[in-house]
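These notes concern the structure reproduced below.
The values are calculated or read from the model by the stated rules, or taken from the named source; none is laboratory data. Since the structure is predicted, the reported quantities are computational estimates derived from the model, not experimental observations. FYI the Cβ positions are ideal-geometry reconstructions off the backbone, even for glycines, and counts take in every protein chain you see.
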Amino acid sequence: MKGEFLSEKTKAVLWKVVLEYREKRKMALLRNNLEYENFREELYQIKKKAISEIESLKKKAISALKENGINVFEAKDVKEAREIIEKLAEGKTKIIKSKSNVFNEIEEEGFLTDKELTETDLGDFICQIMGEKESHPVLPAIHLTPEEIAKKIKEKFNVDLESKPEKIANFVRNLLREKISQSEIGISGANAITSDGKILILENEGNISLVSKWPQTHIIVSGFEKIVENLESALKIVKASAIWGTGQDFPVYVSIISGPSKTADIQNQVVIGAQGAREVNLILIDNGRTKLLKEGFEELLYCINCGACLNFCPVFHQIGRNYGSKYLGSKGIIFAGFSESFKKAVDSNCFSCTSCMACYQNCPVKINLPELMKKLRGYLEKENLQTGVNKEMIENIREFGNPFGKTEEGKIPKRLYCC
Amino acid sequence: MKIFEKILGGNTLYYPGCLTKFVAKELKEKYEKILRKIGIDFIELSELEKCCGSPALKAGYLEDFKKLAEENLKIFKDHSVKKIITNCPACAMTFKIEYSKALGKEWNIEVLHISQVLEKAIKEGKIKKKEIKEKITFHDPCHLGRGMGIFEEPREIIKSQGYEISEMELSRNESFCCGGGGGVKSNEPELANKIAKDRIEQAKKTGAKILCTNCPLCYLHLKENAKEIEVKELIELFEDL
Ligand code: SF4
């Protein structure tokens, strides 16, 4: 295993949050009058259909988005995506950013370091000032206590704060408002894109509304798998993201963006750029996704990034973000195999998965992650990236018909290569 | 009798699986005994028995797995096996779900986890119910519960032996893994033990003195990591075996 174990303290916090989340999720489903299995099946069908016709949906979406005045770029990998962003940001320095998993995916050391980039999601902002990485896709600062955060704020900004969540949030709110008002570019992700050219972004804090509307330029980074047929499907995904992400009925805000801000209030002359972004750019990234499709891992592209698969994962509860790469958990490991390298999948602790199926059981779009994990390990076998222990196990099976090898009467095998 | 059965419907095979056969041997004898007691006429393959292929499959040796499935099918056919009963959830799931995938229509052997057989025997009155005497908690093995949807059968068996089940915070579909599966016990022992210790703590919170499970791996692994709680495999609850 690579990396360290979580401390007992972090583990306890994590469990507390997760068990509360479980109750909230149950209640949210109840209030929405949704039955767990039925809704999952419905979501699964939506994504299955969309991914099965993703090429044509993508074409449709791109032409509709362009028609709506959105600049659309396709990036085949992270390098291309970075280049597009750098180009769009040329001559500008002040960037504000909201939570985006795809941005995390394309980020690397040195990227945009000549700019002033501010995280506006509270959890991400906290991680940024603490110099730590997010520990959960939906709850990035889940591992930090109010005391630790307040201490850091004192260090960095020389402000005495009571270590209470509301005090911290208020301090950050005021600090960020200043940054936002000076910003030139806003970068966000997307939660769903419709084939008729609408981009949906959900949030609770209100920062994404500002990121997408305050600066002149809005850059949206997204995987192409976010495209679904229509707004109805997209809204179901939004609802599922809230229920499975945080156990809410619905997100506080959902922005539906279908073009740059405009007005025709002066003599019916269309002017681009009223109060919102004057320029909307969408970068659709591939970065291994087509490979996943081709190799029979299409289910992975159903993912809506809710993080639910981590919440009851026995390995995540022991090693946190060491279990995964750019994305966390089994999903992240499989994705790393195809977007980074098979070696990276091994280093992300691919062989720590116990195939317990808790991720599958918790996934709103029913991605059979343990099944995909077996398949991924099959690739690792071909690439000669197996563990020594597994090699012993398979040799035993080949030679003796059981994983323990030569078994002596009255003796018990030491190493349990099972099951 | 065997020949007669062959003509009628083939043999029932008790398949303990490698872990029970070579490691948790104490369980094997008891399972054989109870099957006899409830009047099941079964055969065993003994030395001819081969690994079901679960460890190979989980580790990604997909070709080895396919080969094992084919070899096992041949062995089963040679012994006119029409039904397999196993006490190992990993074997059961592999035979029932993975063999169907790997072999398609060729695979038409009925697969039962032993808890299904025993639960039926309780219903038929072949196993006597005992008075409730003690509290116990139950760990749902991942491959039995989430894997095959078998949640109630082991619980019914536990109750029949005079225990009241005090459920853990995470049980049934939401059961928390013991940490030993998927090759983790051998590949990452430290990680596997840490997970097991957390599961043990969850079990202790119920106040029960016994943690029962129905899988040889969960049993061995939890037992190895248990403190202040006794770990028992389901079959060990039958005092008269
Ligand atoms: S794999 Fe499923 S549970 Fe995990 S983040 Fe994606 S949608 Fe959510």
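The condition of being of a type outside the set (Gly, Ala, Ser), surrounded by fewer than 21 Cβ atoms within 10 Å (Cβ to Cβ) and within 11 Å of the ligand (Cβ to nearest atom) holds for only one of A:LYS344, A:LYS366, A:LYS382, that being A:LYS366. Only one of the listed residues (A:VAL254, A:VAL315, A:VAL271) is aliphatic (A, V, I, L, M), more than 27 Å from A:GLU203 (Cβ to Cβ) and more than 14 Å from the ligand (Cβ to nearest atom). That residue is A:VAL271. The lone criterion from (1) assigned to a helix (DSSP H, G or I); (2) more than 9 Å from every other protein chain (Cβ to nearest Cβ); (3) free of Cβ contacts under 8 Å to residues at least 60 places away in the same chain left unmet by B:ASP41 is number (1).
Set side by side, the residues A:ASN287, A:ASN281 differ, and just one is in a strand (DSSP E or B), of a type outside the set (Gly, Ala, Ser) and closer than 30 Å to A:LEU139 by Cβ, which is A:ASN281. Every condition in (1) assigned to a helix (DSSP H, G or I); (2) buried (at least 21 other Cβ atoms within 10 Å of the Cβ) is met by A:PHE39 except one, and the failing one is (2).
Based on what the data block shows, is A:GLU108 among the acidic types (Asp, Glu), crowded, with 20+ Cβ neighbours inside 10 Å and either closer than 21 Å to A:VAL78 by Cα or over 22 Å from the mean Cα position of the chain (by Cα) (or both)? Spelling it out, it is not the case that A:GLU108 is among the acidic types (Asp, Glu), crowded, with 20+ Cβ neighbours inside 10 Å and either closer than 21 Å to A:VAL78 by Cα or over 22 Å from the mean Cα position of the chain (by Cα) (or both).
With within 16 Å of the ligand (Cβ to nearest atom), surrounded by 19 or more Cβ atoms within 10 Å (Cβ to Cβ) and assigned to a loop (DSSP other than H, G, I, E, B) as the only criterion, which of A:ALA190, A:ALA234, A:ALA242 stands out?
Working: A:ALA234 fails: assigned to a loop (DSSP other than H, G, I, E, B); A:ALA242 fails: assigned to a loop (DSSP other than H, G, I, E, B).
Testing whether each residue is within 16 Å of the ligand (Cβ to nearest atom), surrounded by 19 or more Cβ atoms within 10 Å (Cβ to Cβ) and assigned to a loop (DSSP other than H, G, I, E, B) leaves just A:ALA190.
The sole residue among A:ALA264, A:ALA277 that is more than 16 Å from the ligand (Cβ to nearest atom), more than 14 Å from chain B (Cβ to nearest Cβ) and touching a strand residue (DSSP E or B) at 6+ places or on another chain (Cβ under 6 Å) is A:ALA277. For the stretch B:77-90, the criterion of a residue being surrounded by 24 or more Cβ atoms within 10 Å (Cβ to Cβ) and without any contact (Cβ under 8 Å) to a residue 60 or more places away in the chain is satisfied by no position. Of the helices (runs of 4 or more DSSP H) lying entirely inside the stretch A:50-123, the ones with 1 or more residues being in contact with an Asp or Glu (Cβ under 7 Å, 6 or more places away or on another chain) are found at A:54-67, A:78-88. From the list B:LEU35, B:LEU19, B:LEU13, the one residue that fits, being within 14 Å of chain A (Cβ to nearest Cβ) and modelled with pLDDT of 95 or more, is B:LEU19.
Taking the numbered list (1) at pLDDT 95 or above; (2) under 21 Å from A:VAL17 (Cβ atoms) in turn, A:LYS94 passes all entries but (2).
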